[in-house]
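The values are calculated or read from the model by the stated rules, or taken from the named source; none is laboratory data. Bear in mind the structure is a predicted one, so any value in this text is a computation, not a measurement. We place every Cβ from the backbone using ideal geometry, glycine too, and count neighbours over all the protein chains shown. The accessibility values were calculated without ligands, DNA or RNA, using every heavy atom of the protein model including side chains. Shrake-Rupley method; radii C 1.70, N 1.55, O 1.52, S 1.80 Å.
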Amino acid sequence: MTDLGTAPGPREPTSAREFSGPVRTALFCHAAGFTGLVLRACARRVRKPLRVFAPDLRGHGGAPPLPPGADWSVFADDVLASAAPLGPGPLIGVGHSLGGTALLLAEAAAPGTFDLLVCHEPILADPAGPVDDAFARSADRRRAVFPSKAAALARYSSRPPLSELHPEVLADYVDSGLTPDPGGGVRLCCAPQDEARVYRTAASCGWREALGRVRCPVVLLRGENSPVVSAESLASAASELRSGATRTISGMGHHGPLTHPAAFASALDEVFDSALFRPAPAPPGNTFRNPPTNDVGQVVDEY
């Protein structure tokens, strides 16, 4: 049996906030190639009293490396290990891309861990569909070593897609996503070949079988401008959940939580208002009926 190591405890991006009244707890899970810290800018902008924890998933940031042959179940294990010390009590999961899929897999493996999941563009790749290797090829080409974090930040700030990240997010990524290299300088914590492997194993993670075992309400989000996740595929996934709803968020792409953290935090507040503060839950499969707007970070389509 492969020793997967022990992931470090999750950071608490909201530790400096002071709350009055009831406070809910949430686990924020990051996308492939990133770290838990990149979600700090969003977590700090959520208006609801929310104590947020953000782990580094295996192979990312300060977590142990991905062992050979590991599949996406290891990310679900990381989610459950991070969630365990946060209970008992209501727990919210918020995930971006890989992080959204990891939350779904974790709740399916241990139903009742979460009371609500909000997943922005979870990776739900069809194992029977055509293989799009673009993300993996891009990851394979990533530069792994830099003279310093300052040099990495300068390079990332001048080249898309990382130049499109909010400045706070990019600074947190550089701070938490690079580590001293034995040969001098700094290197990516998530090695390019490991990030590529994450993308190439996405379709085999068993997400479709997992959806039917998820018992808590789930809100699936997508960015209006995203080419990664279609409205149709998200609606299809929601139909397989016991209590699923979908929202399209205006002005965002796949990396909306990282490019527009304030607007994404506002969208989360809308979801929390709908899902957590209603006198009675909506029937399974219903959508949340807030008036559509076309401002960045607001709902423009519901189904």
Q.
Restricting to the stretch 19-32, and then to whatever is in contact (Cβ under 8 Å) with a residue 60 or more places away in the chain and either part of a strand (DSSP E or B) or in contact with a strand residue (DSSP E or B) (Cβ under 8 Å, 6 or more places away or on another chain) (or both), can you tell me which residue is farthest from Gly93 (Cα to Cα)?
A. Ala31
Q: For the stretch 14-23, state whether one or more residues are open to solvent by less than 40 Å² (accessible area, probe 1.4 Å) and in contact with a Leu (Cβ under 6 Å, 6 or more places away or on another chain).
A: no
Q: For Val186, work out the one condition from (1) under 20 Å from Asp56 (Cβ atoms); (2) under 19 Å from the mean Cα position of the chain (by Cα); (3) modelled with pLDDT of 95 or more it doesn't fulfil.
A: (2)
**Q.** Residues of the stretch 152-178 that turn out to be in contact (Cβ under 8 Å) with a residue 12 or more places away in the chain and either open to solvent by 40 Å² or more (accessible area, probe 1.4 Å) or part of a helix (DSSP H, G or I) (or both), as a count
**A.** 18
Q) For the stretch 204-262, how many residues meet the condition of being open to solvent by less than 20 Å² (accessible area, probe 1.4 Å) and in a helix (DSSP H, G or I)? A) 10
**Q.** Selection within the stretch 35-52 - open to solvent by 10 Å² or more (accessible area, probe 1.4 Å) and touching a helix residue (DSSP H, G or I) at 6+ places or on another chain (Cβ under 6 Å)
**A.** Leu37, Arg40, Arg45, Arg47, Lys48
**Q.** Members of the stretch 71-117 that are in a loop (DSSP other than H, G, I, E, B) and open to solvent by 20 Å² or more (accessible area, probe 1.4 Å)
**A.** Asp71, Gly87, Pro88, Gly89, Pro90, Ala110, Pro111, Gly112, Thr113, Asp115
